[in-house]
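Peer 1: What follows is a structure written as structure tokens; I'll ask about it next.
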Amino acid sequence: MRQLSKAVITAAGLGTRLLPSSKEIPKEMFPIFDLGKGGILCVKPVMHKIFENLYDVGFRDFCIIVGRGKRSIEDHFTPDQLFSNVISNRIRRKVRDEMLDFYAKIRSSKIFFINQPSQRGFGDAVLQAEAFVGNEYFLLHAGDDLVLSRDNSHLTRLFKVFDELGGEIVLLSERVKNPTQYGVISGEIIDREKGIVEVRDIVEKPSKPPSDMAVIGIYILSPKIFKALKEIKEDSRGEIQLTDGLKMVLEERGGVYAVLLRDGEKRLDVGNPENYYQALVESYKFCTKLIKEYSGRT
């Protein structure tokens with residue numbers, strides 16, 4: 001079994017489609033609903049939820065790529081003893097326990113922050129993590145992309161394909177009605193029941209999509225991605241696109257697999273106002289359903 005112990009979370013984008021709210025609050029810190037300890041409904045930043053998802057499946061080494069104006073992310077992931085003392089007598093016990101549990105997870109993790117000096121695209125943000133990753137496979141998670149699933153089943157299935165099939169890249173994908181606004185894969189479905197696709201091609205925001213399978217910003221990547229990202233050309237906006245790096249690895253080495261989301265699993269994308277509204281609606285529905293089930297067991 002290949003080692004997979006490091007997680008990289010990218011949170012360096014400007015979030016221009018969510019202005020003016022994103023001027024001071026990074027889009028990765030926008031709140032969504034979540035199920036807290038004791039079956040309570042919580043409001044958490046997207047990054048908070050991503051970190052907890054990855055922690056709960058075993059990750060302890062994290063690298064968060066930030067940019068200018070993202071200081072609130074670093075502050076959020078820094079335990080504040082004074083704040084803990086102040087809130088201990090002013091909030092409900094279950095909410096207090098939720099915060100203390102989050103701080104305990106932070107203290108038992110190693111979290112590194114790396115600054116992306118200039119806005120040169122998703123691929124360039126990933127490149128900043130090269131020294132942290134070294135020569136290991138790693139998990140990459142976009143900070144504005146989140147999947148809701150029971151017991152993080154989307155992640156455990158991703159790991160299972162990585163262990164069983166090997167390859168250079170394993171990514172999550174979902175079927176969408178309008179693939180033109182996403183990275184899109186095409187290939188052969190090698191296990192329909194498990195939703196596993198052997199990827200033959202990947203393109204970024206195609207005008208004529210080769211399929212309806214859109215890429216979700218959650219990947220297991222070989223360290224060879226860094227060499228590819230250094231060799232690809234910038235796009236028309238002067239940015240380095242991760243999709244181009246993935247395509248280069250695919251063409252040179254093959255071994256790229258996708259895991260499709262199952263019914264009941266929800267992708268939340270907070271990249272624009274419409275998607276953020278849907279993220280609030282879907283996260284609330286998901287949590288209230290779990291709360292009803294939790295109440296029925298107590």
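Each reported figure results from applying straightforward, stated rules to the coordinates on display, with no laboratory input. Just so we're clear, the structure is a prediction, and the values are computed from it rather than from any experiment. No Cβ is skipped: glycine too gets one built from the backbone with ideal geometry, and neighbour counts run over all protein chains shown.
Peer 1: Looking at this structure, is residue 124 surrounded by 13 or more Cβ atoms within 10 Å (Cβ to Cβ) and within 24 Å of residue 283 (Cα to Cα)? Spell out how you get there, then give the answer.
Peer 2: Details: surrounded by 13 or more Cβ atoms within 10 Å (Cβ to Cβ): yes; within 24 Å of residue 283 (Cα to Cα): no.
Criteria not met by residue 124.
Peer 1: Checking the condition under 20 Å from residue 186 (Cα atoms), in contact (Cβ under 8 Å) with a residue 60 or more places away in the chain and either surrounded by fewer than 19 Cβ atoms within 10 Å (Cβ to Cβ) or not aromatic (Phe, Trp, Tyr) (or both), which residue from 254, 264 passes?
Peer 2: Working: 264 fails: under 20 Å from residue 186 (Cα atoms).
None of the others qualify; the one that does is 254.
Peer 1: Picking from 140, 171, 155, 146, which residue would you name as being buried (at least 17 other Cβ atoms within 10 Å of the Cβ), among the hydrophobic types (A, V, I, L, M, F, W, C) and assigned to a helix (DSSP H, G or I)?
Peer 2: Values: 140 fails: assigned to a helix (DSSP H, G or I); 171 fails: assigned to a helix (DSSP H, G or I); 146 fails: assigned to a helix (DSSP H, G or I).
Being buried (at least 17 other Cβ atoms within 10 Å of the Cβ), among the hydrophobic types (A, V, I, L, M, F, W, C) and assigned to a helix (DSSP H, G or I) holds for just one of 140, 171, 155, 146, which is 155.
Peer 1: For the list (1) within 25 Å of residue 53 (Cβ to Cβ); (2) exposed (fewer than 14 other Cβ atoms within 10 Å of the Cβ), I need the number of the one condition that residue 185 fails.
Peer 2: Every listed condition holds for residue 185 apart from (2).
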